[in-house]
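Q: My questions all concern the structure below.
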Amino acid sequence: MTKVVAEFRKGLEDLGLLTKNKYLKTKEEYAKKFGFIPSEGDVLWGLSNQLLLEAMEKENRHKMKMIYFSQALFLHKSGKDCFKLLQETGKCELREYQQSGVVEKVEILTRGKKSCPDCQKLAGKIFTIEEAFKRVPIPVKECSYKINPEAPTGWCRCCYVEVIE
């Protein structure tokens, strides 16, 4: 098991989404279905997608956000493109704010001077939730911060925070 796969597994466990029994049952199902024992990464990826579907059916935006985030981090650390999954993470966050019935605007929070120049341009910008859905300002496509330097896209650390007026 690689370090990246172990981190993905631990992340799902820490979120309370994965148990040893659930993992073993899924691995056994996949082995029967495909005729070979799948890798741990493949089992975890398939299982995370099953968990995502369950969260979607229940419209549990927070759980969806956390699964998308875990999948994006796994891809990024594996040296793969994670941009679309980071976008979904942000959209789930916006939907959570929208469903609250209280939040109408969001502000972009960056890592300040520790952010890349493209992310710094968004620091403090305020959008209505509708504008944020239309513009999708984060994650920043051109973000140059990377956890894994071999990843094709950046790991944008910007996030939305609610603006309560």
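The values are calculated or read from the model by the stated rules, or taken from the named source; none is laboratory data. Source: prediction; values computed, not measured. Please note: Cβ atoms are built from the backbone with ideal geometry, for glycine as well, and neighbour counts cover all protein chains shown. Side chains are part of the model used for accessible areas, which takes the heavy atoms of the whole protein and leaves out ligands, DNA and RNA. Shrake-Rupley method; radii C 1.70, N 1.55, O 1.52, S 1.80 Å.
Q: Within straight cross-link reach of Lys80, meaning Cα distance under 18 Å, which aspartates and glutamates are found once same-chain residues fewer than 8 apart are removed?
A: Cα-Cα hits under 18 Å: Glu7, Glu40, Asp42, Glu88, Glu142, Glu150.
Q: A follow-up question, please. Provide the descending list of Cα extents for the chain along its principal axes, expressed in whole angstroms.
A: Over the chain, Cα extents along the principal axes are 54, 37, 24 Å.
Q: Quote the relative contact order of region 60-124 in percent (integer), defining contacts as alpha-carbon pairs under 8 Å separated by 6+ residues.
A: With pairs under 8 Å counted, the relative contact order is 27 percent.
Q: Using the structure shown, select from Lys91/Lys141; Lys10/Lys63; Lys84/Lys113 the pairs with a Cα to Cα distance greater than 18 angstrom. Intermediate values should be presented prior to the final figure.
A: Values: Lys91/Lys141 15 Å; Lys10/Lys63 16 Å; Lys84/Lys113 25 Å.
In this structure, Lys84/Lys113 lie more than 18 Å apart at Cα.
Q: On to the next question. Which order do peptides 70-76, 26-32, 102-108 fall in by mean Cβ count within 10 Å, highest first?
A: Top of the packing list down: 70-76, 102-108, 26-32.
Q: I've got another one for you. I'd like to compare 110-118, 132-140: which one has the highest average count of other Cβ atoms within 10 Å, and what's the full order after that?
A: 132-140, 110-118
Q: Now a separate question. So if I take the centroid of the Cα atoms in region 99-130 and the same for region 28-77, what is the distance between those two points in Å?
A: Between the Cα centre of region 99-130 and that of region 28-77, the gap is 29 Å.
Q: Could you provide, to the nearest whole Å², the per residue accessible area of region 1-104 with probe 1.4 Å? Present the calculation step by step, with values, prior to reporting the outcome.
A: Numbers: 6000 Å² over 104 residues.
Using a 1.4 Å probe on heavy atoms only, each residue of region 1-104 averages 58 Å².
Q: Based on the alpha carbons, how large is the Rg to Rh ratio for region 55-114 when Rh follows Kirkwood?
A: Rg divided by Rh gives 1.04.
Q: Can you pull the percent of region 1-133's accessible area that's carbon plus sulfur, 1.4 Å probe, other chains left in place? Spell out each step's value before the answer.
A: Values: 4090 of 7740 Å².
Accessible surface attributable to carbon and sulfur in region 1-133 totals 53 percent.
Q: Quote the relative contact order of region 1-120 in percent (integer), defining contacts as alpha-carbon pairs under 8 Å separated by 6+ residues.
A: Numbers: 88 pairs, mean separation 24.4, N = 120.
Across region 1-120, relative contact order equals 20 percent.
Q: Next up: Arranged from highest to lowest average of other beta-carbon atoms within 10 Å per residue, in what order do the peptides 144-151, 36-43, 6-13 appear?
A: Order by mean packing, descending: 6-13, 36-43, 144-151.
Q: Please enumerate, by chain and number, the lysines with C-alpha under 19 Å from the C-alpha of Lys33, excluding those fewer than 8 residues away in the same chain.
A: By straight Cα distance, Lys33 reaches Lys22, Lys25.
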